[in-house]
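Please treat every number below as a calculation from the coordinates, not as lab data. Every value quoted in this text rests on a predicted model; they were computed, and no experiment measured them. Glycine gets a Cβ as well: all are built from the backbone with ideal geometry, and neighbour counts include every protein chain shown.
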Amino acid sequence: MAAVIKLKTPLAVGDMIKVKGHTTDFTQEVTSIQINHVPVTSAKKGDEIGLMVKSRVRHHDVVYKI
């Protein structure tokens, strides 16, 4: 599965994230990031990225870098 996220802080492959929402709550390592369908190893604040996730992410879920 994948999620599209607009970053408020830099993110890189290998970072840990937590996804939290009304029915969503999981932690995972970032294994893949894409910008405009191009794989990258990191992204900066303000980038809109595609992120591989292990579970469903819903519209109002929040992604935290931990």
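Magnitude of the charge dipole for the chain, about its Cα centre and with charges confined to Cβ atoms of Lys, Arg (+1) and Asp, Glu (-1), is about 160 debye. Only lysine pairs 8 or more places apart, or on different chains, with alpha-carbon atoms under 20 angstrom apart are counted in the chain, and they number 21.
Legend: calculated FRET efficiency, residue 27 to residue 2, from the Cβ-Cβ distance at R0 = 22 Å, rounded to 0.05, equals 0.80.
The phi-based Karplus calculation (6.51 cos²θ - 1.76 cosθ + 1.60; θ = phi - 60°) puts the 3J(HN,Hα) values of segment 51-58 at 9, 6, 10, 8, 9, 5, 10, 9 Hz, whole numbers, x for Gly and Pro. Residue-wise HN-Hα couplings along segment 11-17, as the Karplus relation 6.51 cos²θ - 1.76 cosθ + 1.60 with θ = phi - 60° gives them from phi, are 9, 9, 4, x, 5, 9, 10 Hz; Gly and Pro carry x.
Look at where the Cα atoms of segment 47-63 and of segment 4-31 average out, and the two centres are 7 Å apart.
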